[in-house]
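I have placed the structure first, in the form of structure tokens, so that the comments after it can refer back to it.
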Amino acid sequence: MRQLAAATLALALALPASAHEDHAPDVSDPISLRMTAMTQVGKGIGTLVRMARGEEPFSAPLAEMSLRAMLAAGAGYGALFPEGTEQGHGTEAAPAIWSDREGFEAELAEYLAVLDAQLESPPAAQADLGATLGAVGATCRSCHEGYRVERN
């Protein structure tokens, strides 16, 4: 329960004010919280991709903030998968999360380590975003391949 509370706090701190106004997650529901966390990760990646493509102007502070939000959303993420939350609310969580918990935790640790490394020297120019997206995207892809099921 303490891990769930810590994950809830980390996620709440990562969410922009507009997320709270539009659709606040049910803080008593780990599935809702983990889906909200992944939405925040997706928003961060989306911002970085749009800047990399030149679809929006590059901003070093925004790139760093996006990476920090992704890191905050991932902090405590593993605690949002307690037994009994394998199904419901359209979750894409694969059964392997519970049957291979060690592997799942290792994927999550790698994701957090990559974000930490990227934040040691955040992208300073649009040209830097390719390497950043490659590193972060590889960890996302690896975890999704083993621990996420596609909705039909």
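A cut-off of 5 Å between modelled amide H atoms, ignoring neighbours fewer than 5 places along the same chain, links ARG148 with ALA94. Summary of packing: across the peptides 50-61, 129-140, 70-81, the per-residue average of other C-beta atoms within 10 Å ranks them, highest first, as 70-81, 129-140, 50-61. Charge dipole (Cα centre; +1 on Lys/Arg Cβ, -1 on Asp/Glu Cβ; no other charges) of segment 34-110 amounts to roughly 400 debye. Rounded to whole Å, the principal axis extents of the Cα atoms in segment 65-108 read 33, 25, 14, largest first.
Karplus-based coupling profile of segment 82-93, in residue order and whole Hz: x, 3, x, 10, 6, 9, x, 6, x, 4, 9, 5, with θ = phi - 60° in 6.51 cos²θ - 1.76 cosθ + 1.60 and x standing for Gly or Pro.
Taking label positions 7 Å along the Cα-Cβ direction at both ASP116 and THR39, the computed distance is 2.9 nm, reported to one decimal. Dipole size of segment 70-148 about its Cα centre, with +1 on Lys/Arg Cβ and -1 on Asp/Glu Cβ: approximately 200 debye, rounded to the nearest 20. For GLU92 and MET65, the difference between the fully extended length at 0.36 nm per residue and the C-alpha to C-alpha distance is 7.1 nm. Rounded, prolate or oblate: which fits segment 109-149, taking a ≥ b ≥ c as square roots of the Cα gyration tensor eigenvalues, rounded meaning a/c under 1.5, else prolate when a/b beats b/c? In terms of gyration-tensor shape, oblate.
Think of segment 52-130 as a dipole: +1 on every Lys or Arg Cβ, -1 on every Asp or Glu Cβ, centred on the Cα centre; then among LEU112, GLY84, ALA127, ALA127 lies furthest on the positive end.
For PHE58, no residue whose modelled amide H falls within less than 5 Å of its own remains once neighbours fewer than 5 places apart on the same chain are excluded. Rg then Dmax, both in Å and based on the Cα atoms of segment 82-131: 16.0, 45.
Only the coordinates and a few stated rules stand behind these numbers; no lab work does. The model shown is predicted, which means the values in this text are computed figures rather than measured ones. With ideal geometry, Cβ positions are generated from the backbone for all residues, glycine too; neighbour counts draw on all protein chains shown.
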